[in-house]
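For reference, the structure discussed in these notes is given below.
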Amino acid sequence: MIKDFSRIQRLPPYVFNIVNDLKATARARGEDIIDFGMGNPDQATPKHIVDKLVEAAQRPNTHRYSVSRGIPRLRRAICQWYRKYDVELDPETEAIVTIGSKEGLAHLALATLGPGDAVLVPNPAYPIHPYGVIIAGADIRHVPLVVGGDFFAELEKAIKDIWPRPKMLILNFPANPTAQCVDLAFFEKAINIAKEYNLWVVHDLAYAEIAFDGYRAPSILQVPGAKEVAVEFYSLSKTYNMPGWRIGFMCGNSTLVAALARMKSYLDYGTFTPIQVAAIAALEGPQDCVKTIADNYCKRRNVLCQGLIDIGWQVEFPKATMFVWAPIPEDFRHLGSLEFSKKLLNDAKVAVSPGVGFGSYGDQHIRFSLIENEHRTRQAIRGIRQMLKQA
């Protein structure tokens, strides 16, 4: 019985499964559901990256076990990529390849945390940020990250209210699900607090390149002295349309890199070598595809946000990410995000992610992922308009 498995018992029911099951049932009935749920890029990986994978896969010597830390050539490419931030890294001690950032985040938690440890996590947050901590046996302290709130005041209050003091702070900007963006001064303050209270800092930079309107997302490693306490994760999933390839990396503090490397040495043999070779082609090859991918999301953002505003649903245009974090319209706010998501699915034939799935402070919002083209998005707006009219 699943109730006998202590780690699984600590995990709450996966809210997104409720909407996913309803979506599958509706599609089984033949209904056309427009899906803005999972943040799963729908476009092809750029051709030069795929070609490099094919070329590498045709060499028999790439079919053997790989290296859990990542092949040296890829680690050098990662460190070279970071130079655009004026950040210098040692590929031997300050960079490690991960099987997507999700795997890396979870295994870093297993390597560094245990019962009695506490971790500070913004709320709302991408689920692996809090639940990787829970799976590792540690405890979470939620820090509200809401419109109009003072995150740093809440953070310092949480630190001072916990004894023993927390061990780690997890951040994610540009943020999933809220699409909130920060400047380098934000990270400077976070690093100062971390040093004052002896915290490790783990930052997830997955959406750095999916930015619009001239915004440029900073790296936390740009802060002088950040490597003393911080690491940063990055994923190729969104930047290069490579979600199914499962390739990412973590850079920064050598102690945390060594801890993750040791954990991974017991758990995996690394990503398939041809995928790592293709990742080198992505990082070092032509970057015009990155702008094309970001421009595509920007067009979808504009159609969705303007369309919602035109029908009376007030939302903000995000400066980054592939998400729109939309407050539930006032007439429906009493439903909460899960019931409102069900209503959108049943009445407008539109699937979204309920905000409560990202934490209790997200329950007055829903998240749209920009994974439908402009035509389908306009179709969704028409369905939503009809639903709002009937309210």
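The values are calculated or read from the model by the stated rules, or taken from the named source; none is laboratory data. Quantities reported herein were computed from a predicted structural model and do not represent experimental measurements. As a convention, Cβ positions derive from the backbone with ideal geometry for all residues, glycine included, and neighbour counts pool all protein chains shown. For the accessible areas, the whole protein counts, side chains as well, though only heavy atoms, and no ligand, DNA or RNA atoms are used. Shrake-Rupley method; radii C 1.70, N 1.55, O 1.52, S 1.80 Å.
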Selected residue (criterion: farthest from TYR207 (Cα to Cα)) from residues of segment 86-108 that are open to solvent by less than 10 Å² (accessible area, probe 1.4 Å) and either in a helix (DSSP H, G or I) or free of Cβ contacts under 8 Å to residues at least 60 places away in the same chain (or both): LEU108
Pairs where the first residue, in segment 133-153, is free of Cβ contacts under 8 Å to residues at least 40 places away in the same chain and the second is open to solvent by 20 Å² or more (accessible area, probe 1.4 Å), C-beta under 6 Å, 6+ apart: VAL133/ILE140; ALA136/LEU110; ALA138/ASP117; VAL143/GLU154
Residue ID - most open to solvent (accessible area, probe 1.4 Å), chosen from residues in segment 366-389 that are touching a residue at least 60 places away in the same chain (Cβ under 8 Å) and not in a helix (DSSP H, G or I): ASN373
Residues located in segment 3-44, provided they are touching a residue at least 12 places away in the same chain (Cβ under 8 Å) and over 23 Å from PHE323 (Cβ atoms): ARG7, ARG10, LEU11, GLU31
Top-ranked residue in segment 182-205 [being part of a loop (DSSP other than H, G, I, E, B) and open to solvent by 30 Å² or more (accessible area, probe 1.4 Å); ranked as nearest to ARG216 (Cα to Cα)]: ASP183
Of all residues in segment 121-150 being of a type in the set (A, V, I, L, M) and either part of a helix (DSSP H, G or I) or under 17 Å from the mean Cα position of the chain (by Cα) (or both), the one that is farthest from GLY355 (Cα to Cα): ILE135
Elements of type helices (runs of 4 or more DSSP H) contained in segment 1-69, each with 3 or more residues being out of contact with any Cys (no Cβ under 6 Å at 6 or more places or on another chain) and open to solvent by less than 40 Å² (accessible area, probe 1.4 Å): 15-28, 47-57
Residue selected from segment 132-150 under the condition touching a strand residue (DSSP E or B) at 6+ places or on another chain (Cβ under 7 Å) and open to solvent by less than 50 Å² (accessible area, probe 1.4 Å), by the criterion farthest from VAL119 (Cα to Cα): LEU145
Members of segment 206-228 found to be more than 19 Å from CYS251 (Cα to Cα) and surrounded by 21 or more Cβ atoms within 10 Å (Cβ to Cβ), listed by number: ILE210
Long-range neighbours under 8 Å by Cβ, at least six apart or interchain, first residue at positive phi within segment 156-182, second open to solvent by less than 50 Å² (accessible area, probe 1.4 Å): ALA179/PRO318; ALA179/ALA320; ALA179/THR321; ALA179/PHE323; ALA179/VAL324; ALA179/TRP325
Lone qualifier among ALA111, ALA179, ALA125 - being open to solvent by 20 Å² or more (accessible area, probe 1.4 Å), under 22 Å from ALA206 (Cβ atoms) and of a type in the set (Gly, Ala, Ser): ALA111
Whichever residue in segment 320-335 is under 14 Å from LEU308 (Cβ atoms) and of a type in the set (A, V, I, L, M, F, W, C) and, among such residues, is nearest to the chain's Cα centre (by Cα): PHE323
